[in-house]
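Asker: Sharing a structure with you now.
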Amino acid sequence: MRLFFVILLSLSLTACGLQPLYSGGANGVVGSTLGDVEVAPITGKAGWLVRHALNDRLESLSNASKKYQLVVELDDKIESLGIRSNDTVTRERRTLRARYKLVDNASGKTLIDATAGSDAGIDVVSSEYATIAAENSALENLSQTIANQIVARLSLYARKSAKTAANGAQ
């Protein structure tokens, strides 16, 4: 009886229609499209961190010629949240938002115009050094999160455009 349920479960999983997003690795549809993306310079410390994180994810798939350019604008804010009766801050929130565009280099057409964002809470302690270190760590983590969100959105776009092209060719 258990064998029957295991077989039934395995058959239902194969019929669900799920397919790996990165099938084919760097030579697959998504991998080759991501390899064609060049990240434009981004201003500021947050920009350097985000660009570096994006390049870490995209350069391993890199092709010689770049068909697309990724343009990113960042908004980095630190807000004070908790304030004691003596007007000292006890908690901060660091917010990093990115507006990004994927532009086709040949036509100049914008293919994706989207946003990504994340935030982190920071405890403000008596040591100024520790608070600054916490703010910098938060920025590094937020940069990684933003890069993951952008690459995931680019991957979905690449897969969708490949399916659209395949359906149009039939």
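Values quoted throughout were computed directly from the atomic coordinates according to the rules given, and no laboratory measurement underlies them. Predicted, not measured: the structure shown is a model, and the values here were computed from it. No Cβ is skipped: glycine too gets one built from the backbone with ideal geometry, and neighbour counts run over all protein chains shown.
Asker: When the convex hull of the Cα atoms of the range 28-111 is projected onto a plane and the area is averaged over all directions, what value comes out in nm²?
Answerer: 7.2
Asker: Could you compute the net charge surrounding Asp119? Neighbours are other residues with a C-beta less than 13 Å from the C-beta of Asp119; K and R count +1, D and E count -1.
Answerer: Result for the local shell: 0.
Asker: State the extension gain, in nm to one decimal, for the chain segment bounded by Glu140 and Asp87, taking 0.36 nm per residue of separation less the distance between their alpha-carbons.
Answerer: Stretched out fully, the Glu140 to Asp87 stretch lengthens by 16.2 nm.
Asker: Moving on to the next point. Report the per residue volume, in Å³, of the convex hull enclosing the C-alpha atoms of the range 24-169.
Answerer: Per residue, the Cα convex hull of the range 24-169 comes to 120 Å³.
Asker: Ok, one more. List, in the order given, every pair from Lys67/Lys160; Lys77/Lys163; Lys101/Lys160; Lys66/Lys160 whose Cα-Cα distance in the structure shown is over 28 Å.
Answerer: Correct reply: Lys77/Lys163.
Asker: Quick one: if you stick a label point 7 Å off each Cα along the C-beta vector at Lys109 and Glu79, how many nm between them?
Answerer: For the pair Lys109/Glu79, the computed spacing is 3.9 nm.
Asker: Would you mind ranking Tyr157, Tyr129 so that the residue whose beta carbon has the fewest other beta carbons within 10 Å leads the list?
Answerer: Result, fewest neighbours first: Tyr129, Tyr157.
Asker: Separate question: Let me check I've understood the local charge: for Gln69, count other residues with C-beta under 15 angstrom from its C-beta, Lys and Arg +1, Asp and Glu -1. What total comes out?
Answerer: Spelling it out: positives minus negatives among the neighbours equals 0.
Asker: Okay, next question. Let me check I've understood the local charge: for Ala162, count other residues with C-beta under 14 angstrom from its C-beta, Lys and Arg +1, Asp and Glu -1. What total comes out?
Answerer: +3
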